[in-house]
Amino acid sequence: MGDLINIFIKSAFIENLALAYFLGMCSYLAVSKTVKTAFGLGLAVIFVLGITMPINWVINTWLLGENGVFQTDLTFLRFILFIAVIASMVQLVEMVVEKYSPSLYNSLGIFLPLITVNCAILGGSLFMVSKEYNFSEAVAFGLGGGFGWFLAIIAIAAIREKIKYSDVPAPMRGLGMAFLLTGMMGMAFMGLMGIDPAAF
Amino acid sequence: MAETAVIEKKEAIKFGKKERKLLTDPLDDNNPITVQVLGICSALAVTTGMKNAMVMAVAVVFVCTFANVITSALRKAIPKQVRMIVQLVIIATLVTVVELTLKAYAFESYKQLSVFIGLIITNCIVMGRLEAFAMANRPYESALDGLGNGVGYGIILLMVAFIRELFGKGELFGYKLIGAAPEYMVNTLDSKWFGWYQGNNLMVLFPSAMFVIAVLIWVHRAWNPKLVDVS
Amino acid sequence: MHSTGSVLRFVLILTTVVSLLLAFLQNGLKSRHEMNEAVYSKKATLASISDHLNIDFSTITDEQVEEIFAKSIEQVVVNQDGQAFTPEEVMAMGYKGGSASDLDMAKEHKKGAEKMLPLYVFTKSDGKKYYILYARGKGLWDEIWGCIALKDDFNTIAGVSFDHKAETPGLGAEIKDNKAWVKQFIGKKLYDGDEFKSIKVRKGGAKDPVYEVDAISGATITGDGVADMLDDYLVDYEPFLKTLKG
């Protein structure tokens, strides 16, 4: 259990998908103009990462691995299967949410299709493979990674809401400032780098 | 749909003003990175050195062009309901082709780029062009559009990598150009020009890519004021 | 709108075409992939004795790597009690291949005290022998590993080479890329008399000329990781090296 908490903390703060690896930047920059929308997207990312990570783990280990069902190395199909799982999960989640909780759908719905092409999701799955996590570790990594991404997008959205009222040089307005801010937040997060999660 | 089909048949394959615009637009007015803000992730991770940036740029140009052509050729057959997944499968296939080829013929680059090759799949430029252009246009125009966007992306990638590698390590493509080496290096690597220059470690780290792109956006928008964010 | 049947048909055709295409490509390139993997780790092993190969290591070809490995390198698999095993014995224990280069060290590393260790004995053109040991440990982000070549006094380091999975480029990754940093290890010693001292990586410059090297600025944790893995692994070879000293 301690190991899992370690991985959660590590993936949420120290190896933050958004601010340490800069994954999922497209939607991160596009949907962080207000805290409200950022909140919705952040939740959706936690949700989808939490679901796809274990599924992709099962696929990678039991279907594609040399010790899997087919007993051959099928890892060359990894990209296709991973992205298909992500796309179909996103679609499934969209349908389920729409049916059973229209209010959640109204706040989350428009972000779900965006998530398919959010590299944090696919990146998370690929990192999971290269780090050779086991099943429960993969789940912890998925949830932690999602949570870290959620924190990061909320933080930048809050800053962007405020910075709207500042006197920024015209060419830097909007996008330029967003880049600069993300860079600085990334540096701040690098300060967490040496932390030993086992100390928690 | 029927009308556009008729018009398409009349138009011969040619390279005129419109086609040139398809190719040059993404280089400036509609640049994928600095204007459309697509495909940032890989722009940051692989730009520590020119060599990796070059491999990545070529890979993206390849994937972008061919994904556009294939999707465009299949555009009438692709069922609307599964459009997204079909597009993703096409992209993922091309990316796997790139990965397998790199692994066979450029193993060092393959090792260094690691998971970031896979992330071309979710490089929003590719997906965005399929959805916005290839689904509605002929393969020939789509090829030009894909090529233009791939190159527009690659140029920014190389610019960022140039700045980061030169000021971060004083090297280009791995060759030492400026600055002296740290003390324990003195006997092994010659210092070239500007011996007083100390490599700036910040430039090597991820966040610096953000700063470099921010400055590029600044310069780009100051030079091309119609892109300035008015909101 | 397409009917469900035609959608299914389309998806089926697409997936078949795509997986056949990729399977074909994968099969065609497989031998090259495996060769690349093997040569990559062999090259890393040779990098630790690059000064003694009589060729320019920066331009070495894959064929030369294979040739040196076939001609001048003897591979031994040992355990931590000082026993050496023949390839047949190793295979009988459930390993895929019997030579040292067939060991999957990422897996062995997790076995702790049970692990098998690879040892490469290189015979230079002048007849001198060099013993290449292996070490693996933790860097900042993920695993790091390396090869350490010892002279035939089993004490003096003749060269090292390190590699890593995911260290920060320009900082931690310098343990692999920065040839000058790696060169510092040459001539350092592991033992003071009979006492195992290993090599320390010191921030702010090495103080002891025999047992310490400079740290890479900005990569303290990776540097400490290197020192830790040397401390961990080299002592595991001690029993076997003692039998060689005999």
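Loop-only GluC sites (Glu not before Pro) in segment C:160-246, please: DSSP not H, G, I, E or B, and at most 12 other Cβ atoms within 10 Å.
Hits after loop and neighbour filter: nothing returned.
Relative to the longest principal axis of chain A, what angle (0 to 90°, nearest 10) does the C-alpha long axis of helix A:135-163 take?
The angle comes out near 10 degrees.
What size of dipole, in debye to the nearest 20, comes out for chain C about its Cα centre when the only charges are +1 on Lys and Arg C-beta atoms and -1 on Asp and Glu C-beta atoms?
440 debye
Which part of segment C:206-246 falls in the paramagnetic zone of C:F154, meaning amide N under 11 Å from the point 7 Å along Cα-to-beta-carbon?
C:237-246, by backbone N distance to the label point.
Would you work out which of A:P171, B:L38, A:S27 lies farthest towards the positive end of the dipole of the protein assembly as shown, given +1 charges on the beta-carbon of Lys and Arg and -1 on that of Asp and Glu, about the Cα centre?
So the residue furthest toward the plus end is A:P171.
For segment B:11-78, state which trypsin sites (Lys or Arg not before Pro) are in a DSSP loop and have at most 10 other beta carbons lying within 10 Å of their beta carbon.
B:K14, B:K76
Enumerate by residue number the GluC sites (Glu not before Pro) in segment A:42-126 meeting two conditions: DSSP loop (anything except H, G, I, E, B), and at most 12 other Cβ atoms within 10 Å of the site's Cβ. Don't skip to the answer; put the middle values down first.
Working: sites: A:E66, A:E94, A:E98; in loops: A:E66.
The qualifying sites are A:E66.
Between the helical axis of C:4-47 and the dominant principal axis of chain C, each derived from Cα atoms, what acute angle in degrees is found, rounded to the nearest 10?
Between the helix axis and the principal axis of chain C, the angle is about 20 degrees.
Round to the nearest 0.05 the FRET efficiency obtained for A:S130 and B:K17 when R0 = 35 Å and r is the Cβ-Cβ distance.
Result of the calculation: an efficiency of 0.15.
Using the alpha-carbon centroid of each, what span in Å lies between segment A:110-186 and segment C:78-143?
That distance is 42 Å.
I'd like to verify something in chain B: which complete DSSP H helices, judged by Cα projection on the helix axis, reach 15 Å or more and average at least -1.0 on the Kyte-Doolittle scale?
Flagged H segments are B:50-74, B:83-105, B:139-169, B:206-223.
Ignoring everything except DSSP H segments at least 4 long, calculate the 222 nm mean residue ellipticity for chain B; use -39,500 (n - 2.57) per segment, divide by total residues, nearest 500.
-20000 deg cm²/dmol
Report the extension gain between C:D81 and C:D104 in nm, rounded to one decimal, defined as 0.36 nm multiplied by the number of residues separating them, less their alpha carbon distance.
Gain on extension, C:D81 to C:D104, equals 6.3 nm.
Treat each spin label as a single point 7 Å out from the Cα along the C-beta direction, and report the C:D142 to A:M184 distance in nm.
Placing both labels 7 Å beyond Cα along the Cβ direction yields 3.2 nm.
Taking the dipole about the Cα centre of chain C, with the C-beta of Lys and Arg at +1 and of Asp and Glu at -1, give me whichever of C:M91, C:V226, C:V78 is farthest to the positive side.
It is C:V226.
How far apart, in nm, are the 7 Å Cα→Cβ label points at B:Q81 and B:V215?
Label at B:Q81, label at B:V215, 5.3 nm between them.
So if each residue of separation counts as 0.36 nm, and I subtract the Cα-Cα distance between C:T15 and C:E34, what length gain in nm does that give?
Between C:T15 and C:E34, full extension yields 4.2 nm more.
Could you work out how far helix A:35-58 tilts from the main Cα principal axis of chain A, as a 0 to 90 degree angle to the nearest 10?
So the helix axis and the longest Cα principal axis differ by about 10 degrees.
Once you have a ≥ b ≥ c as the square roots of the Cα gyration tensor eigenvalues for segment A:45-111, tell me rounded if a/c is under 1.5, and otherwise prolate or oblate according to whether a/b is larger than b/c.
Prolate shape, in that a/c is at least 1.5 and a/b is the bigger ratio.
Where in segment C:194-224 does the label zone of C:K165 land, with the point 7 angstrom along Cα→C-beta and an amide N cut-off under 19 Å?
The answer is C:221-224.
When Cβ neighbours within 10 Å are restricted to other protein chains, what is their mean count per residue of peptide C:225-233?
0
Between segment A:18-53 and segment B:32-81, what is the separation of their alpha carbon centroids in Å?
Segment A:18-53 and segment B:32-81 have Cα centres spaced 21 Å from each other.
Since every read-out is calculated from the coordinates, none of them should be taken as a lab result. Model, not experiment: these values are computed from the prediction. Note that each Cβ is placed from the backbone with ideal geometry, even for glycine, and that neighbours are counted across all protein chains shown.
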